[in-house]
1. Please work out the FRET efficiency for the pair residue 297 and residue 67, using the Cβ-Cβ distance as r and a Förster radius of 35 Å; give the result to the nearest 0.05.
2. So for 282, 97, fewest C-beta neighbours within 10 Å to most, what's the order?
3. What order do you get for 251, 176 when you list them from fewest to most C-beta neighbours inside 10 Å?
4. Principal axes first, then extents: for the Cα atoms of the chain, list largest minus smallest coordinate on each axis, whole Å, largest first.
5. Quick one: length gained pulling residue 284 to residue 100 fully straight, 0.36 nm per residue minus the C-alpha distance?
6. What distance in nm separates the two pseudo spin-label positions at residue 30 and residue 121, each 7 Å out from Cα along the beta-carbon direction?
7. Using the Kirkwood radius over C-alpha pairs as Rh, can you work out the diffusion coefficient of segment 1-113 via Stokes-Einstein at 20 °C, viscosity 1.002 mPa s, in µm² per second?
8. Would you kindly state how much longer the chain becomes between residue 166 and residue 149 on full extension, computed as 0.36 nm times their sequence separation minus their alpha carbon distance, in nm to one decimal?
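Please treat every number below as a calculation from the coordinates, not as lab data. Because the structure is a prediction, the values reported are computed rather than measured. Note that we place each Cβ from the backbone using ideal geometry, even for glycine, and neighbour counts take in every protein chain shown.
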Amino acid sequence: MMNNFLNELELRAAIVNDSLEQYLPPEDTYPPLIHQAMRYSLFAGGKRLRPVLVLSAAEIVSGESRHVLPAACALELIHTYSLIHDDLPAIDNDDFRRGRPTSHCVYGEAIAVLAGDALLTLAFELLTCEDMEQHIPADRLLQAAREIARASGTMGLIGGQVMDILTTDKDMDGSTLEYIYLNKTGALYRAAVRAGAILAGAGANELLALTGFAEHLGLAFQIKDDLLDIEGEEARLGKATGSDLKNKKFTYPVLFSIEKARQKAAQSISAAKDKLTVFDERADFMRRLADFVINRDF
């Protein structure tokens, strides 16, 4: 069953990758260095879970996902920009990501910062591209763009990152840690699912259920990431383990124990799948994706 899911996930990720290839300027586009840096990080691998969630949410609502592909790609561009900036010496100071040197180690800090900026900017260009305008009503486009912008800013990813930085060397409590998880990581999961559903014309009850699913999934994903940083194999992860301890970060397993972290992640996945009950078999892929998040080793 898991192999079937992984095959399906790879097929959906391949659709996203083909679209990203289409939307990204070629490496030799002037000035070439910035476009090389953008592509270096974007095509370094990755599970493509956020864009896949955009597509899957749209499919659940309308049975169709091809018209939301630009939005799916936009989420991956934003995610990649955030990773480039996270890896910088001023933040996490990581030298490896997805099995190879991080952007600033290859291109220098200045180009890495600008590559991240360029990916973020391109994401919002995709949300207003002709492909979207031709097939999706303007009010849905505006609402989805608002969701993604909010999730990317101080009410989402940036807010979570700021608190992650500020509490690195200080005592952490459970509520602050949950805020970081729900925003630094969870905000883009929430935006991915909500944007896909909104663009497909979701009703209020459908959107509420999918939002709950995404929030629980994002929390479980981050806790599992924290566990892998302690227990995972570097060869599988494509990056050094022990980064959180090195940077004196308080994570769920550090704050509460490894066993309690496992329990919390499992509870979050169970709660996520419960939110999908209203969709019956339409949400089978999302249910299997939730199981993958908790059982993965990379």
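1. Details: r = 34 Å, r/R0 = 0.99.
Approximately 0.50, to the nearest 0.05.
2. Values: 282 14, 97 24.
Final ranking by Cβ density, sparse to dense: 282, 97.
3. Numbers: 251 22, 176 17.
Least to most surrounded, the residues fall as 176, 251.
4. 50, 48, 36
5. On the way: separation 184, 0.36 × 184 = 66.24 nm, distance 3.41 nm.
Net length gain for the segment: 62.8 nm.
6. 1.7 nm
7. Numbers: Rh = 15.1 Å.
Here the translational diffusion coefficient equals 142 µm²/s.
8. Details: separation 17, 0.36 × 17 = 6.12 nm, distance 2.30 nm.
Contour length minus Cα-Cα distance gives 3.8 nm.
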